[in-house]
Amino acid sequence: MADIRDRTDTDLEELGQEEARIGSTLPPDKTDSGRRRRRPLFVILAVVVGVVVYALAFQQTQVDLSEITSETRQNSLQNILRALAQPDLITYDTVSERTDIEVAVPCGPSVATSPRLTANPSCGEPGDRITVTGSGYDGGEPVELHFVPDSDFDITLRLATVNADQEGRFSTELILPDRTSDEPQGLTAITQEPIGTWGNRVEVYTDANENEIEDNPVMPDSGTYTFTLAGNPDIPAVALVNPAGETTDFVTTGESFEAATGLSRGQVAIPLGEDESATAAGLAIEDIATAGGDVEVTVEGPAGFDMSNWRAAVYDGTTGEPGASNYISDTIRLSPRVSETARITLDKILETVFLALVATTAGLLLAVPLSFVAARNIMRDISVTVTNLVLILVAIPVGATIGVLAARLARSMVAPITGSGWALLAGVAVVGGLAWFLARAALPTVDAGVPARSERIRRVSLLMVAGAAGLVALLLTALWLQVIGSAVVSALGWFGFLGSFFDALGEILDVGFTVIAALAVAAVFTHLASKLGYGLRKLMPRPAERTLNVALAAVAGALWAVIVGQIIDWFYQIGNVTTVVVIPAVIGALLGVVVAIRGMAKGEVDIGLSIYYGARTVFNTLRSIEPLIMAIVFVVWVGAGPFAGSLALALHTAAALAKLYSEQVESISAGPIEAVRATGANRLQTIVYAVVPQIIPPYISFTMYRWDINVRMSTILGFVGGGGIGSILQQNINLLQYRAAAVQMLAIAIVVATMDWASSRMREHYV
């Protein structure tokens, strides 16, 4: 054996030497040699093309660095970056400290000087530069320099802001403005001294109602408080607005009316004396009187109640138009405190997070079932006979139409009890119980054998009645949720948002009831049409079946073509019956006949891939539209606010997740599917037991990742009125309030980082 191995190794070595010798005698490959010679040319050509492409890119993007040397732009950038680095998180009430000196413009009268602030020279012509020096300030303290012109009006011209050095001194050059006078004019240095510290917070009064009187905002022991509003309409009405901007009481000395605009727009004023608003909201209007051209308002509330930031507005009871509005008292605040910007930012960032949550949830509910329709491995082997296909195509629009009519009938049936919560609840219990009983009777747990035809008909009939009862129960539930939600909002106090949630949920079900009914009835008709198709194929001879298929195909094609024509007519308002009805019907009938003939030649029609390509096309189209554009459309439809942003993100999320989910379904292992099918399972059972267990982990991962994306995307929807923190961020940037904008940017960064950390931890745990 060792001898054989040694000879084999020797033979292999000799064979290698022979191949090397033969290779050395062969002529060189001309193709390889030509490629090596042309390679430098290709490299040079690639470099030239790259230079040309990037030169065009620089031209189109207008790359120009000359502007960065501009002193004005450098100063503006410096101010912006410094403002962003100092977010407006804490508010200190301050006391202004002024130092005044005199300057002469032009030179002439003698001027007074100050040992703390000096100007050199102390006079000059408009446009001249003077050096202003200050001392005795706190180290690093900002000092605002203002020019006070000789004027009958109390005005100042801001010249500059400088920071004192560590020794409390500063020196800066100022340009004298074009304000001349024979009298000396003023130059003022203003500093703001903060009041209080976090260890010793100080109460500070703010003259919120601007009456130059220090009003105590605490309700006195008598439980009543009187204030004055400017204006004296013929029929005065007054609205009380709480610090959250909600109208809590609205009364008039005349007849009821609805406020057209103003703080209480859309609210109805109740005649004084008929108002039953208790002080549960804090304050209620007790009396309205006119005195000296103004309106005196007396409010009642619990003793010691803080009336800070409560406002009142006068309305004209004749026109419904608003008049003056003002705070009803001064406010007492602690200094320092969390800034109002930080409070608003917290509220808006929470709105942003929940906006993204609602959008992700809605998109998830739509994407999960649609993902199976857009999965090629699930849809490619779905085929139906021509008879079944044409019957289904006719049944879908017919069933949807009957569903819409049934929804209208159900609404008319429950209309008499719409406003009664107890009646609606009883209806839900009775009708829902009936639906459950009929469904249980139609679906026995165990069958001793194959049920007879009459038994199958009985079961189908019971299921249809149970389905109809279930739809009515759904409508009753939607109406009951609206009634009970509206009723408990005020009773729940701080938890009133739960009542609003039930109200909104009921409204969603109510609005979507017609669509749900149409889809449900269309699904039933589709199932019956499929069963009818199989029955006809068994009973009818082949020639008669082919004739029926052609006729039904023509009807189905014409029906769907007319539907498409009506949609086009809605968009483009053609208004020509021949164009939108007759011509589409003829073309659709011909196409239907062609499809039927080809399908009968093949035996079956592969509709799975058609549905697959249609679904993928819709998803790709929706994903190509930015949520910002969708938000603009929804703002027009439902109004500005976070609801419009939620709808825009939900639609985009559904399309994006459906694509990701479907691709995950396409990449699953085929082994479990084949194993489950081998047991005789149907398509639904195969999906439940073979597909779903493989896709749960990636579905969770994709969903959490999409929520993360939606949080980031929702921060910019506010730029078009889609709610969230983007609205106040845009407002502060437009107003050049960069310290306030820095707070919003900081909040966005914190939330995005937190979401990224949370989603990564959840993926580690569940995926």
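The values are calculated or read from the model by the stated rules, or taken from the named source; none is laboratory data. Values in this document were obtained by computation on a predicted structure and should not be read as measured data. Counting neighbours? That spans all protein chains shown, and the Cβs are built from the backbone with ideal geometry, glycine included. These accessible areas exclude ligands, DNA and RNA; they are computed on the full protein's heavy atoms, side chains included. Shrake-Rupley method; radii C 1.70, N 1.55, O 1.52, S 1.80 Å.
At a Cα cut-off below 19 Å, give the aspartates and glutamates reachable from Lys659, other chains included and same-chain residues fewer than 8 away excluded. List returned: Glu626, Asp708.
Rounding to the nearest 10 and keeping the result within 0 to 90°, find how far the Cα-based axis of helix 738-766 lies from the longest principal axis of the chain. It is inclined by approximately 30 degrees. Angle of helix 692-717 to the longest C-alpha principal axis of the chain, folded into 0 to 90 degrees and rounded to 10: 30°. Reported to the nearest whole Å, the Cα centre-to-centre distance from region 141-211 to region 419-439 is 72. Binning the alpha carbon pair distances of region 137-289 at 10 angstrom intervals from zero yields the distribution 8, 22, 20, 15, 19, 14, 2, expressed in whole percent. Compared with the dominant principal axis of the Cα atoms in the chain, helix 421-442 is inclined by about 20°. Which semi-axes, in whole Å and largest first, does the equivalent ellipsoid of region 709-767 have when worked out from the alpha carbon gyration tensor as the square roots of 5 times its eigenvalues? Rounded to whole Å, the semi-axes are 28, 13, 5. Below 11 angstrom from the Cβ of Leu389, what's the summed charge of the other residues (Lys, Arg +1; Asp, Glu -1)? That works out to -2. The local environment of Ile484, defined by Cβ-Cβ distances under 13 Å, has a net charge of -2 under the rule Lys, Arg +1 and Asp, Glu -1.
Mean projected area of the convex hull spanned by the Cα atoms of the chain, taken over all viewing directions: 66.0 nm².
For Lys348, the aspartates and glutamates whose Cα falls under 14 Å of its own Cα, not counting residues fewer than eight places away in the same chain, are Glu340. Taking other residues whose beta carbon is less than 14 angstrom from the beta carbon of Val465, and scoring Lys, Arg as +1 and Asp, Glu as -1, yields +3. In the complete set of protein chains, residue-level accessible area for Ile567 is approximately 90 Å², probe 1.4 angstrom.
Entry note, region 465-596: relative contact order of 19 percent, from Cα contacts under 8 Å with a spacing of 6+ residues.
What shape does region 451-603 have by the C-alpha gyration tensor, where a ≥ b ≥ c are the square roots of the eigenvalues, rounded means a/c under 1.5, and otherwise prolate means a/b greater than b/c and oblate the rest? It is oblate, given that a/c is not under 1.5 and a/b is not larger than b/c. Applying a DSSP loop filter and a limit of 15 other Cβ atoms within 10 Å to the trypsin sites (Lys or Arg not before Pro) in region 107-190 leaves Arg116, Arg169, Arg179. Roll a 1.4 Å probe over the protein heavy atoms and report the accessible area of Met745 in Å², nearest 10. Approximately 90 Å² of Met745 is accessible to the 1.4 Å probe.
As a length-normalised measure over Cα pairs under 8 Å and 6 or more apart, the relative contact order of the chain settles at 12 percent. Judged by the mean number of other Cβ atoms found within 10 Å, the most tightly packed of the peptides 701-711, 625-635 leads the ranking 701-711, 625-635. DSSP bridge analysis restricted to the chain gives an antiparallel fraction near 95%, rounded to the nearest 5. The share of C-alpha pairs in region 48-206 whose separation exceeds 19 Å stands at 67 percent.
The label-point distance for Val465 and Arg683, in a model that sets each label 7 Å from Cα toward Cβ, rounds to 3.1 nm.
When the alpha carbon gyration tensor of region 208-311 is reduced to an equivalent ellipsoid, the three semi-axes, largest first, read 21, 16, 14 Å. The separation of region 62-129 from region 532-580, counted between C-alpha centres, amounts to 79 Å.
The trypsin sites (Lys or Arg not before Pro) of region 332-381 that DSSP puts in a loop, and whose beta carbon has at most 14 other beta carbons within 10 Å, are Arg380. Heavy atoms only, probe 1.4 Å: what % of the accessible area of the chain goes to carbon and sulfur, would you let me know? Carbon-and-sulfur percentage of accessible area, whole number: 61.
In the full protein context, region 176-319 carries 51 Å² of accessible surface per residue, based on a 1.4 Å probe and ignoring ligands, DNA and RNA. Normalising by residue count, region 266-403 has a Cα convex hull of 269 Å³ per residue.
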